[in-house]
Amino acid sequence: MIDLSQATVLPGLIDGHTHIFNAGHEGVTHILNDRREDPKAGGAPDMNLIDDTREYRTLVAMANAQKDLKAGFTALRDLMNHGNGYSDVDVRKAINRGLLVGPRLQVATLGLVATGEGTVGSWELNLAPAEQVADSPWTIRQAVREQIHWGADWIKFHASAGHHFEPDGRLVWDGTYSLEEIQALVDETHKRGRKAACHAYGGEGVTNCVKAGVDTLEHAFDLDDDATINMMKERGIYLEPTFLDSTMTRERDLKETGGKYSLAAIREKTARKLLTCGIKISFGTGVGPFPHGSQAVEFEYLVHFGMTPAQAIQTATVTAAEMMGWQDQIGSVEKRKYADIIAVAGDPLKDITELERVKFVMKGGAVVKNDLGWNGR
């Protein structure tokens, strides 16, 4: 018996957009109150593709996944491992086989990008690509088949790349894949029983992904088009806003535009519309560039921009479970589902920041963390 009668008990949380192979220490400037997160809090040891072996990087990825688990995230969807081959499949396998304690994982392996985007370092160096480069519908189909063969649950691809602001404030997006290429990717992915996740910040990339029928749209900082929004609702496409991720470019944008423009400011203008227009919102943070285990701050953004605390919690439980296709296994506390359970000391319906201070974590009936204290027998 575990006594949690003095705590608030919830289903285990789900982060639908993580990067466990990224061990960033960069702090996040909080757009709600300019709070600067401690850049070392919860951070894993630094690592990079040049100085560290894939074996070491895989160990760091495992440590990052465990940090997320102890923060209350009992399931993760890891979207692209940034140059680590199929090591994320191995992490998933080690957890599933009980070799190591970690969250439930769905993985996207290499990810797909168009020529010119997946380059790391100088052209004179022979390094593993940060992503898999594929152009044209048939080459993309081949890459999808390869990644699924080696264990990918999701096919993650970039439909937009960089951005810049013109002197008059006009935002310009660097496009990547054509509609024809994205349609081929989605078709091949769905034929093989997998799902497609589209990374796109705005512009034609977002529109093409929605037209092609992707399963999730990641980021979409500049989504303010009613026709595209309505198409997302009709097709049941999930949006993962990744508010924390949008803060990562703010300082660079402001520096380059003399303090006038930033993606974060654009996101603030569109956020309320996106969270209240009827699109399915699934919780995703993009954690990795900022420390693992710190991503529950995302809940504050969801509430700030129009969701009730209960709705925000549902994005990371029932809705995220549906997005992952695991609604019959996780996402709620009920019979015949896994005992993925967390607890906090206070009431998150009154103070959503309680989810940043998870005190108890159980995954599959096994206690992973208990800072509340209980008498068991």
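Based on alpha-carbon atoms only, what is the radius of gyration of the range 133-273 relative to the globular estimate 2.2 N^0.38 Å?
Taking N as the residue count of the range 133-273, the ratio is 1.09.
What pairs from LYS233/LYS255; LYS195/LYS359; LYS233/LYS359; LYS70/LYS335 go past 31 Å between their alpha carbons? If you can, show how the numbers build up before the last one.
Working: LYS233/LYS255 36 Å; LYS195/LYS359 34 Å; LYS233/LYS359 36 Å; LYS70/LYS335 24 Å.
Among LYS233/LYS255; LYS195/LYS359; LYS233/LYS359; LYS70/LYS335, the Cα-Cα distance tops 31 Å for LYS233/LYS255; LYS195/LYS359; LYS233/LYS359.
THR317: accessible area at probe 1.4 Å, nearest 10 Å²?
10 Å²
Quick one: how many Å² of GLU204 are accessible to a 1.4 Å probe, rounded to 10?
130 Å²
Arrange the residues VAL186, VAL318 by how much accessible surface each exposes, largest first, with a 1.4 angstrom probe.
Result of the area sort, largest leading: VAL318, VAL186.
Taking amide hydrogens as modeled 1.01 Å from N in the peptide plane, which residues meet the under 5 Å criterion relative to GLY284, leaving out close sequence neighbours?
GLY16, THR242
Which of the cysteines found in the chain have nothing to pair with, since no other Cys Cβ lies under 4.7 Å from theirs?
Within the chain, the cysteines lacking a partner Cβ under 4.7 Å are CYS277.
Report the extension gain between SER136 and GLN311 in nm, rounded to one decimal, defined as 0.36 nm multiplied by the number of residues separating them, less their alpha carbon distance.
Gain on extension, SER136 to GLN311, equals 59.0 nm.
With a/c under 1.5 counting as rounded, go ahead and sort the range 217-331 into rounded, prolate or oblate using the C-alpha gyration tensor (a ≥ b ≥ c being the square roots of the eigenvalues; past the cut-off, prolate if a/b is larger than b/c, else oblate).
Because a/c hits 1.5 or more and a/b fails to exceed b/c, the range 217-331 counts as oblate.
Under 5 Å between amide H atoms, partner at least 5 residues away or on a different chain: which partners does TYR201 have, H built in plane at 1.01 Å?
The list, which skips near neighbours in sequence, is SER160, ALA220.
At 0.36 nm per residue, minus the direct Cα-Cα distance, what do ALA265 and HIS190 gain on full extension? Give it in nm, one decimal, please.
23.5 nm
Which order do you get for LYS156, LYS337, LYS70 if you rank them by accessible area with a 1.4 Å probe, largest at the top?
Most to least solvent-accessible, the answer reads LYS70, LYS337, LYS156.
For the pair VAL172 and VAL318, what calculated FRET efficiency results from E = 1/(1 + (r/R0)^6), where r is the Cβ-Cβ distance and R0 = 30 Å, to the nearest 0.05?
On the way: r = 38 Å, r/R0 = 1.27.
E(calc), rounded to 0.05, equals 0.20.
Under the Karplus relation 6.51 cos²θ - 1.76 cosθ + 1.60, θ = phi - 60°, what is the ordered set of whole-Hz ³J(HN,Hα) values for the range 275-288, x standing for Gly and Pro?
7, 10, 8, x, 5, 6, 9, 10, 6, x, 10, x, 4, x
Step through the residues of the range 166-171 one at a time and calculate ³J(HN,Hα) from phi using the Karplus curve (6.51 cos²θ - 1.76 cosθ + 1.60, θ = phi - 60°), rounding each to whole Hz and writing x for Gly and Pro.
My calculation for the range 166-171 gives 6, x, 8, x, 5, 8 Hz in order.
State in Å² the accessible area per residue of the chain; use a 1.4 Å probe, count heavy atoms of protein chains only, and round to the nearest integer.
43 Å²
Using only Cα atoms, find the angle between the long axis of helix 226-235 and the longest principal axis of the chain, and express it within 0 to 90 degrees, rounded to the nearest 10.
Roughly 60 degrees, rounded to the nearest 10.
Quick check: at a probe of 1.4 Å, how many percent of the accessible area of the chain sits on carbon and sulfur atoms?
So the carbon and sulfur contribution to the accessible surface is 49 percent.
Could you work out [θ]222 nm for the chain from helices alone, using -39500 (n - 2.57) per DSSP H run of at least four and dividing by all its residues? Round to the nearest 500 deg cm²/dmol. Could you put the intermediate results ahead of the total?
Numbers: 12 runs with 119 residues, N = 377.
When only DSSP H runs of four or more count, the value is -9000 deg cm²/dmol.
In degrees between 0 and 90, to the nearest 10, how far off the longest principal axis of the chain does helix 54-70 point, with axes built from Cα atoms?
The angle comes out near 50 degrees.
Mind checking Rg over Rh on the range 130-209, alpha carbons, Kirkwood formula for Rh?
Here the Rg-to-Rh quotient is 1.04.
Counting only protein chains, not ligands or nucleic acids, how are MET362, MET323 ordered by accessible area (probe 1.4 Å), most first?
Solvent-accessible surface, decreasing: MET362, MET323.
What is the Cα radius of gyration of the chain over 2.2 N^0.38 Å, N being its residue count?
0.95
The values are calculated or read from the model by the stated rules, or taken from the named source; none is laboratory data. Quick caveat: nothing in here was measured; it's all calculated off a predicted structure. Positions of Cβ are generated from backbone atoms using ideal geometry, with glycine treated the same way; all protein chains shown enter the neighbour counts. Each accessible area value is taken on the protein alone, full model and side chains, heavy atoms only, with ligands, DNA and RNA left out. Shrake-Rupley method; radii C 1.70, N 1.55, O 1.52, S 1.80 Å.
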